[in-house]
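Asks: This structure is in structure tokens; I'll ask about it shortly.
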Amino acid sequence: MPRAVKGVLVECDPSIKALILNLDSKSHNIVLADLDEEHLVIEERMVDHVKRELDAQLAENTFRPAELEDIQRK
């Protein structure tokens, strides 16, 4: 018998979608449906976790002008 699971429709660009799919590949409990290039359905209870992980990954990969200054000094 099918079981209903609450999901959240996520609309994002393909690069963010790739990050979410990569995150899901580690645990397989986030993505319920991969709809198209810009849409996913994820488990409702995982929304905050996905937001935290994306914030951490994006902060890690974001250019900061202070880093440029450090590079130029060397």
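Read the figures in this text as sums done on the coordinates, not as results from a lab. Note that the structure is predicted; figures quoted are calculated from it, not measured. So basically every Cβ, Gly included, is an ideal-geometry build from the backbone, and we count neighbours across all protein chains shown.
Asks: If one puts a single equal scatterer on every Cα of the chain and applies the Debye formula without solvent, what log₁₀ I(q)/I(0) results at q = 0.16, 0.27 Å⁻¹?
Replies: After summing over all Cα pairs, the log10 values are -0.63, -1.30.
Asks: Show me the ranking of peptides 24-37, 41-54, 3-16 by mean Cβ neighbours inside 10 Å, starting with the highest.
Replies: Working: 24-37: 12.8, 41-54: 14.9, 3-16: 11.1.
Averaged packing, sorted descending, gives the order 41-54, 24-37, 3-16.
Asks: Can you count the Lys pairs in the chain whose Cα atoms are under 18 Å apart, with each pair 8 or more apart or on different chains? It would help to have the intermediate numbers written out before the result.
Replies: On the way: 6/51; 17/26; 17/51; 26/51.
Count of close lysine pairs: 4.
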